[in-house]
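No lab work stands behind these numbers, since they all come straight from the coordinates. Bear in mind that the values here come from a model prediction, so they are computed numbers and not experimental data. Glycine gets a Cβ as well: all are built from the backbone with ideal geometry, and neighbour counts include every protein chain shown.
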Amino acid sequence: MSTIAPTAPAPDRTPSSPRSEDSRLKALLGRWETLILALIALVFLIGSGISSEFLTGESLTTGSSDFTEYAILALPLTLIIATGEIDLSVASVLALSSALMGYLWNQGLPMEGIIPLCLVAGALCGLLNGWLVTGLGLPSLAVTIGTLALFRGLAFVILGDESVTSFPTGYTDWAFGNFAGTVVPNTIVLFLVLAAIFAIVLHRTPFGRAIFAIGANREAARFSGLRVDRIQLRLFVLSGVVAALAGILLTLRNSTAAGNVGEGFELTAIAAVVLGGVSIFGGTGTIGGVLLAL
C-alpha cells in the first residue's frame, strides 16, 4: 500500500531581520544624495537662525529664480557626463541664442518665429559638437573648448558690443512672472517639468540604461549592440537645444540680448552635476542628486 510523503512545512514569512534593516539604513546614509540633503538642512537651519525671513516662500523662490539658467544647462550635461563625455560649449550656445534672438528681433521678425530659429541654431551647434566627437573621434573636452570660443565669437559677430532690449512685454512678463498667482517663478516651474522629464528618461527608459552602460564601459556597450555614436550624437544635439532654450529664457527674463551673457555658466552647471554625484568618468549619477546640488 502506497504512503503519502509528508509535506514540508512552508517557510515562515517573518519580518526582515534587524541586520537587513541596518544594512538598508547604512546604504541610505552612505548615499551621496543623503549627504547633500543633510548639508542643505544645515544651511537652512543656520540661515533661519540668522534671519527670520530666510525661509519665507518669497525669499526662497526669488533667490532660486536667479539660477534657473544654470539649472537648465545642468540637465543635459548630466546625461552627457554620465556617458563619460563633456560639453563646455553650453554657455556659448546660450549666448549665441541670445545674440541671434536680438538680431532677428531688430530685423522685424515676430517672436513666434524667432524662438524656433534659436532652438534650431542650438541643435546645429550640438550637431557640430556631436559630429566632431563621434564622426571624427576627437575628444569631447578638446572639441567643446574649441566650439566654446567659436560659438561665443559668432555671438559677438552677430551683435558686436550692442545689446538689444524692448522685447514684447507678453514674453518678458511671463519669463519674469510667477506661476498661477503663486510666489513660484514661471521659469522654476518650467525647469521642474524639464527635470522630471530628464529623470524619467535617465532612470526609467532603455535610453537611460544605455547612457549608464556607455559610461560604465564603452566597448562592452558596443559589443552588446548599443549604437554608442548615435546615442552620443543625440545627447550633444539635445544639449545644444536646451542651451539655446536657456538663452531664450535668460534674454526674456532680463529683457536684454547680448553676446557676452552667460560667461562662466558652463563651469557652474558642471560643478552642480559633479557635486550632485555624477561621476566625471561616467556610469553613475542621478537627476535627484543634481537637483539637490543646485
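Summary of computed values
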| read-out | value |
| --- | --- |
| Region 164-294, dipole about Cα centre (Lys/Arg Cβ +1, Asp/Glu Cβ -1), debye to the nearest 20 | 500 |
| Global geometry of region 127-187, whether rounded, prolate or oblate, following the gyration tensor of its Cα atoms and the 1.5 cut on a/c | oblate |
| Cut-off under 5 Å, modelled amide H: who pairs with residue 178 long-range | 186 |
| Summed residue charge, Cβ within 11 Å of residue 143's Cβ, Lys/Arg positive, Asp/Glu negative | -2 |
| For region 77-90, 3J(HN,Hα) per residue [Karplus equation, 6.51 cos²θ - 1.76 cosθ + 1.60, θ = phi - 60°, Hz, x = Gly/Pro] | 5, 4, 5, 5, 5, 5, 8, x, 10, 8, 9, 8, 8, 4 |
| Most to least packed among 94-102, 271-279 [average Cβ atoms within 10 Å] | 94-102, 271-279 |
| Rounded to whole Hz, the Karplus (6.51, -1.76, 1.60) HN-Hα couplings of region 93-109, x for glycine and proline | 5, 4, 5, 4, 4, 5, 5, 5, 4, x, 5, 5, 5, 5, 7, x, 6 |
| Residues whose placed amide H lies under 5 Å from that of residue 109, excluding near-sequence neighbours | none |
| Region 109-233 shape via C-alpha gyration tensor axes, a/c threshold 1.5 | oblate |
| Viscosity 0.692 mPa s, temperature 37 °C, Stokes-Einstein D of region 68-293 from Kirkwood C-alpha radius, µm²/s | 186 |
